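A quick write-up on the structure given underneath.
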Amino acid sequence: MSDEESAEYYTLLCDDPSHEVVLVDCGPREMDVILAVRKVTGQSLWRSRVVAHQAPVTLLGDLSAYRAQSAVAVLQSAGARAEWRQEPEPGERTAPSP
């Protein structure tokens, strides 16, 4: 591309932005939450336990809104505090969550 040529990029409105699932807190039912983490991530029981103890932690990324909401519902039904967020665009900065 020469200096005289320019490229234009457009974001399509029909593009579904990717979402991530964040485990905020394990809650009082730790074993139930570990099993729920295992269910939504497909990881081993040992790895699910390690990840659950690292809360707050991002469990899954690059999901559709429906899949992210479903994973959060499974975690919340086990007693965890979890949320789904829209992933930031590459290069976009976000404020750290408290």
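Of all residues in the stretch 49-66 being more than 21 Å from GLU30 (Cα to Cα) and not charged (D, E, K, R), which is surrounded by the fewest Cβ atoms within 10 Å (Cβ to Cβ)?
Here is the first cut: in the stretch 49-66, the residues more than 21 Å from GLU30 (Cα to Cα) are 61-66.
In the following step, the residues that additionally are not charged (D, E, K, R) were identified as 61, 63-66.
Working: GLY61: 13, LEU63: 18, SER64: 12, ALA65: 13, TYR66: 10.
By that ranking, first place goes to TYR66.
Among the numbered criteria (1) within 17 Å of CYS26 (Cβ to Cβ); (2) part of a helix (DSSP H, G or I); (3) open to solvent by 50 Å² or more (accessible area, probe 1.4 Å); (4) not hydroxyl-bearing (Ser, Thr, Tyr), which one does GLN69 miss?
Every listed condition holds for GLN69 apart from (1).
Can you tell me which residues in the stretch 15-41 are within 23 Å of GLN86 (Cα to Cα), in a loop (DSSP other than H, G, I, E, B) and open to solvent by 70 Å² or more (accessible area, probe 1.4 Å)?
The answer is ASP15, ASP16.
The values are calculated or read from the model by the stated rules, or taken from the named source; none is laboratory data. All values derive from a computational prediction rather than experimental measurement. Every residue, glycine among them, receives a Cβ derived from its backbone with ideal geometry; neighbour counts consider all protein chains shown. When the accessible area is computed, the model is the full protein with side chains, heavy atoms only, and any ligands, DNA or RNA have been set aside. Shrake-Rupley method; radii C 1.70, N 1.55, O 1.52, S 1.80 Å.
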